[in-house]
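Please read the structure below before turning to the comments.
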Amino acid sequence: MEDYKHPAEPFRIKSIESIALRTREEREQILKEAKYNIFKIKAEDIYIDLLTDSGTGAMSTTQWAALMLGDESYAGARSFYRFENIVKGITSKKHIIPTHQGRVAENVFFSTVLKRGDYIPNNTHFDTTRANASHKGGIPVDFPCPEAAIADELPFKGNMDTRRLESFINEKGADKIPVVFMTVTNNSMGGQPVSMANIKETAAICKKYGIMFFFDCARYAENCYFIKHYEPGYESKTIKKIAQEMFSYSDGALMSAKKDGLANMGGFAAVNDDDLAQRMIELLIIIEGFPTYGGMSGRDMDTVAVGLAEALNEDYLAYRIGQIEYFGKIIERAGAPIIKPTGGHAIFIDAGKFLPHIPSEEFPGQALAVELYKEGGIRGVEIGSLMFGGYDPVTGEKITALRELVRLAVPRRMYTGSHLDYVAEIVGKIAKKKGELGGLKITRQSSYLRHFTVELEKLAMNRIGIV
Ligand code: F0G
């Protein structure tokens, strides 16, 4: 059997946080009480928490030190200028608007630019982006590249389908499309990266039709690492130079700094247009805070400023991407099919393939997520029909997810190789008895982002007689 190596961590541990594994009986009871919604389980009842890589990572000693420098002045805090300076250095945008997390940047931006019935194309919307766009009367549309749907290990499966994008613009008219988004890396498509060539092509189409081009850049540093290693011409450029080139093609960006900002909280919008910035800031003051803190404390802005710089470090990124690659290999070896190649922040188990006897309507992804907790105290998240399916809150149309996935997201600089080995061991146990797993049924749900609050019950196994 092939021996895979976890990359050596480019850090040592200075402070630890204890974790404990509840007994099987306790875990079964906890699941029942949480109505089989993994979001409702208390963190202290989780052994390995792979729910998200968002705001969950470990900060460096430099970040903790920067926290003490936080200037908590209401207006014009030094922390803001340190934060603004680093964001400008990376994005080269004129206006940096701080927000306490990514979805507020989305809210402020979409509230400002959208008219009812406008379309917002994206390589693939993340769920909060999709919800914010439709909540403000927009119609989010996804154009993932055709390669995203095939099994081959191609390097840039996060790309935009630029042909479909252009024909969509021609069909609907550019006046119905105020902005095109590019999500880097493409979270909902397996954390797959987008190539610089695809970014340039998309930007050129937007320019041709006079449409703004924006990044949803939560994981842009990871994306730039992939460009450096898999796209000819970028081998000898620094990650920062690649990032600067990437942002130079855009009119702006929205960022959740809880990912590649290596911080527990934070975000921003970066825009060039003066008038747009002004209108966004007016709304920001109402819903978030004064423009030099926007919902963050001074110390948050300082940790983000340091984190943004640290995330561009190549030793760190080599470890980060190498860790995810290792994780993918050991999960696959344990018997679960995954989306390949592995992306930047998570591995995605293809639960549709893993549990073919559970139909989409019975949420095979959620069935696997529940089993991971039951078997090993592990928390992952379903990204399939529970998250994306159901009915469009605006049009009422039935929506089906492209794939039934379970995401195991890896918090940055937090878990060691042996934690991941444990997860693979549990996946191996589940693989041996996967035919015994049954599906789930929704008993309560909301119209937007239903997966956060949904309640479910277990369906009897063998219900459809295939198992
Ligand atoms: N855009 C992308 C691509 C994201 O992955 C997220 C969050 C957001 C925007 C929203 O940012 O959470 O700071 O408001 N993703 C997290 C996740 C929640 O688990 O993937 P936020």
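Some points to look at:
- Qualifying residue in the range 63-84 (condition: away from the ligand (no atom under 16 Å from the Cβ), part of a helix (DSSP H, G or I), assigned by TED's automatic domain parsing to the domain that holds Lys172 and among the hydroxyl-bearing types (Ser, Thr, Tyr)): yes
- If you go through the range 37-54 and pick out every residue that is hydroxyl-bearing (Ser, Thr, Tyr), within 15 Å of Ile378 (Cβ to Cβ) and either within 16 Å of the ligand (Cβ to nearest atom) or surrounded by 21 or more Cβ atoms within 10 Å (Cβ to Cβ) (or both), you end up with 1.
- If you go through the range 231-274 and keep only what is surrounded by fewer than 17 Cβ atoms within 10 Å (Cβ to Cβ) and polar (S, T, N, Q), you end up with Ser236, Thr238, Gln244, Ser248, Asn272.
- Subset of the range 209-223 that is more than 15 Å from the ligand (Cβ to nearest atom) and surrounded by 17 or more Cβ atoms within 10 Å (Cβ to Cβ) - its residue that is nearest to Val194 (Cα to Cα): Phe213
Results for (1) over 30 Å from Lys5 (Cβ atoms); (2) of a type in the set (Val, Ile, Thr); (3) not in a helix (DSSP H, G or I), shown as yes or no for each residue.
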position	(1), (2), (3)
Ala367	yes, no, no
Tyr373	no, no, no
Gly396	yes, no, yes
Met414	no, no, yes
Ser446	yes, no, yes
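- Residues of the range 132-170 classified as part of a helix (DSSP H, G or I) and either surrounded by 20 or more Cβ atoms within 10 Å (Cβ to Cβ) or outside the structural domain of Tyr230 (by TED's automatic domain parsing) (or both), total: 6
- Considering the range 224-236, and only residues there that are away from the ligand (no atom under 16 Å from the Cβ) and in a helix (DSSP H, G or I), the residue that is nearest to Ala346 (Cα to Cα) turns out to be Tyr225.
- Of the residues making up the range 1-38, those that are assigned to a helix (DSSP H, G or I) and more than 25 Å from Gly335 (Cα to Cα) are Glu25, Glu26, Gln29, Ile30, Lys32, Glu33.
- Taken over the range 372-412, the criterion of being at pLDDT 85 or above and over 23 Å from the mean Cα position of the chain (by Cα) is satisfied by Lys374, Glu375, Gly376.
- From Ala277, Ala197, residue being in the same structural domain as Ala149 (by TED's automatic domain parsing), buried (at least 19 other Cβ atoms within 10 Å of the Cβ) and part of a helix (DSSP H, G or I): Ala277
The values are calculated or read from the model by the stated rules, or taken from the named source; none is laboratory data. If you're wondering where the values come from, they're calculated on a predicted model, not measured in any experiment. Note: ideal-geometry Cβ built from the backbone for every residue, glycine included; neighbour counts use all protein chains shown.
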